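Colleague: Submitted below is the structure of interest, expressed as structure tokens.
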Amino acid sequence: MASNDPVLQVKDLATYYYLGDKELKAVDGVSFDISARRTLGLAGESGCGKTTTAYSIMRILAENGKIARGSINLGGVELTELSDEEMRQLRWKKASIVFQYAMNAFNPVLRIGKQIVEVIQEKDDFSQDEAVQIVNDLFDEVGLKPERQTDYPHEFSGGMLQRAIIAQALACDPQLIIADEPVTALDVIVQNKILDLLRKLQDKYNLAVLFITHDLSVVAENCHDVGIMYAGNLVEWGTAEDVFKRSVHPYSYKLIGAFPSVVGPKKRLEFIPGSPPNLLSIPKGCRFHPRCPFAQARCETDVPEYTEVTDGHFAKCHFAGELDLGGGA
Amino acid sequence: MASEPILRVEEVRKWFPVRSGLFSFRGGQKYVKAVDNVSFNIEKGASIAIAGESGCGKTTLARTILRLIKPSGGAAYFKDENIFEMNRLELNELRLKMQIIFQNPFEVLDPRHTVIDLVGEGLNIHKLEESDEVLHDKVISALEDVRLVPAEDFATRYTHELSGGQLQRIAIARSLILKPELIIADEPVSMLDASIRTEVMNLMTDLQKEKDLTYIFITHDLAQARYVGDYLIIMYLGRIAEMGPMEDVIQSPQHPYTKALVSNIPIPDPTIERERIMLPGETPTPIDLPPGCRFKPRCQEFGAQCKPDEPQLQEVADGHFVACWFD
């Protein structure tokens, strides 16, 4: 592949849920892009809008959720303008999603291989034998014995199911894989095996990966780029090294600082006082200002712009780049 | 040893019988050996972390020690009294001194009760309340202990009005009000977001000093274990693989399993590259374990030095024990 154009471009995405007559702004003005062979780790606390962002891209939102504005461009196709049927055609073929609970992703009464064959035959014009052969190859690729295609989901361990899901996600040769907390339910050793597998497949198939997780340690080790979300906003976006070592948004800086580590000196960690806002009554100005140790008068009234602080490193803070966040280069 | 152990666990076993088919008598009764001969001591004021992967027996061990489930063998002494031989009355007494905090505060706290009832419940059960005023004051002071202030305001709320972090603090207040000496916390922060998780772990560390508590902290996350504990026990398939002072075990693990586990813990810093030790396969169920070392099938260092019987814990450095034939 020659082009360096991003596979996925999200611009000013806003997704709202409607609860009675109330509007819940779960995602509000999120912009980022992902190129082939890159992994963007989208992280933040529960309710920050990371999963809603993923579901908006796949257009699998709950019935009361609507994309209110913005654009989602996947390989040159504007997803927000597609009909439901066109979108259905495109899922699995252009973009697939891997969910957290592998045990719930397969139908428990059908053989695993058959469920993947079904996807292949639905999307591409392959005969039964050809489809079975593809699943054989895929199983081999993800480290499962091809003969286990005839097993039922309960005969697989958690790690094996996650591998099968990845095989299914790859079945129709997509450009983008969205992994929503793909390893959260697994033990660390199995977790790393799955992450290594994802990385290997990404290189082989030139995949763009959107990796959603609440665990910044996993992001640090597995993602090229990082986006930190807070209360529906993407507050910082840049390379992993920029965001972790040269944070420019106080929230990212504080959140990273709250993670304990098994290396380095053992020190008392700081936490962020308070909790994220209720999205039905979002604070005026910067959404983080009530919890921000650097907040000034202006933060209470003006919404900060999402600006490029240094090359490819964006933040949504009035004082991005001006604060002394201690981390340093 | 500086002080008397507050808890002595000796060869504790918890075997669950496996129910199998009609002809199971042929092979004899089989067991899931969830906890299989575990021994350790805890000194007063210590904070020990028990870590391991799902199914290693860490939670079963905690529940067995508290006699929330019936032990299959061994003994556990709380200050020289064998918990496994206590009668109902003695157990009631014991549970004032040994409290447990569970992972999911949403399941523990009854949504139909206000905070004041939830926190005071233990006092009522143990018939310790003197009068409504005294009870009220004790609840308020317990809420202040866990930094839920203004306490009067929190006291009248219901659980749905509180966040996960606040609920977990209420679960802690429920224990504290009984003035326990030992608290077993089973993954107390695993359900919480990072910042709140750190807040609760800091609170627990502070309370330990303020109230002279001893902790058993059960977790699957070694980074968490290191943050709250000063002594670490690593379990694998129902047995202790390695135990010792926290930094000794984390910085220089001796057992091949601990080495692999530590090397796989993600580090929140993208500039640190570490070599990971990968183990083949996944942790099996502890039924029909292989003879000898139970880690053998996955061990990267298995070799001629490994004897056919099960390795016992050997002291390799001061207070640092390893169950491995390798030396």
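Colleague: Given (1) part of a loop (DSSP other than H, G, I, E, B); (2) more than 10 Å from chain A (Cβ to nearest Cβ); (3) closer than 29 Å to A:LEU255 by Cβ, identify the lone condition not met by B:ARG274.
Modeller: Against the list (1) part of a loop (DSSP other than H, G, I, E, B); (2) more than 10 Å from chain A (Cβ to nearest Cβ); (3) closer than 29 Å to A:LEU255 by Cβ, B:ARG274 comes up short only on (2).
Colleague: For the stretch B:201-224, which positions are in a helix (DSSP H, G or I) and within 9 Å of chain A (Cβ to nearest Cβ)?
Modeller: B:MET201, B:ASN202, B:THR205, B:LEU222, B:ALA223, B:GLN224
Colleague: Now, a different point. If you take the residues in the stretch B:127-161 that are in contact with a helix residue (DSSP H, G or I) (Cβ under 6 Å, 6 or more places away or on another chain), part of a loop (DSSP other than H, G, I, E, B) and in contact (Cβ under 8 Å) with a residue 40 or more places away in the chain, which one is surrounded by the fewest Cβ atoms within 10 Å (Cβ to Cβ)?
Modeller: Among those residues, the one meeting the criterion is B:ARG157.
Colleague: Next question, about the same structure. Just checking: which of the strands (runs of 3 or more DSSP E) contained wholly in the stretch A:156-246 hold 1 or more residues that are among the aromatic types (Phe, Trp, Tyr), within 14 Å of another protein chain (Cβ to nearest Cβ) and farther than 30 Å from A:ASP124 by Cα?
Modeller: Of the strands (runs of 3 or more DSSP E) lying wholly inside the stretch A:156-246, those with at least 1 residues that are among the aromatic types (Phe, Trp, Tyr), within 14 Å of another protein chain (Cβ to nearest Cβ) and farther than 30 Å from A:ASP124 by Cα span A:225-230.
Colleague: Of all residues in the stretch B:191-200 being in a helix (DSSP H, G or I) and of a type in the set (A, V, I, L, M), which is farthest from the other protein chains (Cβ to nearest Cβ)?
Modeller: B:VAL200
Colleague: Which ones in the stretch B:278-323 are modelled with pLDDT under 85 and in contact with a helix residue (DSSP H, G or I) (Cβ under 7 Å, 6 or more places away or on another chain)?
Modeller: Those that are modelled with pLDDT under 85 and in contact with a helix residue (DSSP H, G or I) (Cβ under 7 Å, 6 or more places away or on another chain): B:GLY281, B:GLU282, B:PRO290.
Colleague: State all residues of the stretch A:271-306 that are surrounded by 13 or more Cβ atoms within 10 Å (Cβ to Cβ) and in a helix (DSSP H, G or I); if no residue qualifies, say none.
Modeller: Matches in the stretch A:271-306: A:HIS289, A:PRO290, A:ARG291, A:ARG298, A:CYS299, A:GLU300.
Colleague: Among what's in the stretch A:307-325 and is touching a Phe, Trp or Tyr at 6+ places or on another chain (Cβ under 7 Å) and assigned to a strand (DSSP E or B), pick the residue that is nearest to A:GLY29 (Cα to Cα).
Modeller: If we filter the stretch A:307-325 for residues that are touching a Phe, Trp or Tyr at 6+ places or on another chain (Cβ under 7 Å), which is where we start, we get A:307-308, A:314, A:316, A:319, A:323, A:325.
With the extra rule that they be assigned to a strand (DSSP E or B), the set shrinks to A:307-308, A:314, A:316.
Working: A:THR307: 13, A:GLU308: 15, A:PHE314: 13, A:LYS316: 11 Å.
Among those residues, the one meeting the criterion is A:LYS316.
Colleague: So, of the residues in the stretch B:111-126 that are assigned to a helix (DSSP H, G or I), out of contact with any strand residue (DSSP E or B) (no Cβ under 8 Å at 6 or more places or on another chain) and touching a residue at least 12 places away in the same chain (Cβ under 8 Å), which turns out to be surrounded by the fewest Cβ atoms within 10 Å (Cβ to Cβ)?
Modeller: Of everything passing the filter in the stretch B:111-126, B:GLU121 is surrounded by the fewest Cβ atoms within 10 Å (Cβ to Cβ).
Colleague: Collect the residues in the stretch A:217-242 that are touching a Ser or Thr at 6+ places or on another chain (Cβ under 9 Å) and among the hydroxyl-bearing types (Ser, Thr, Tyr), keeping them in residue-number order.
Modeller: If the condition is that a residue be touching a Ser or Thr at 6+ places or on another chain (Cβ under 9 Å) and among the hydroxyl-bearing types (Ser, Thr, Tyr), then A:SER217, A:TYR230 are the ones that fit.
Colleague: Search the stretch A:1-21 for residues being aliphatic (A, V, I, L, M) and in a strand (DSSP E or B), and hand back the single one that is nearest to the other protein chains (Cβ to nearest Cβ).
Modeller: So the residue we want is A:LEU19.
Colleague: Let me ask something additional. Please pick out the residue among A:GLU130, A:GLU86 that is under 24 Å from A:ASP33 (Cβ atoms), more than 20 Å from the chain's Cα centre (by Cα) and at pLDDT 90 or above.
Modeller: A:GLU86
The values are calculated or read from the model by the stated rules, or taken from the named source; none is laboratory data. Note that the coordinates shown come from a computational prediction; the quantities given were computed from them, not determined experimentally. As a convention, Cβ positions derive from the backbone with ideal geometry for all residues, glycine included, and neighbour counts pool all protein chains shown.
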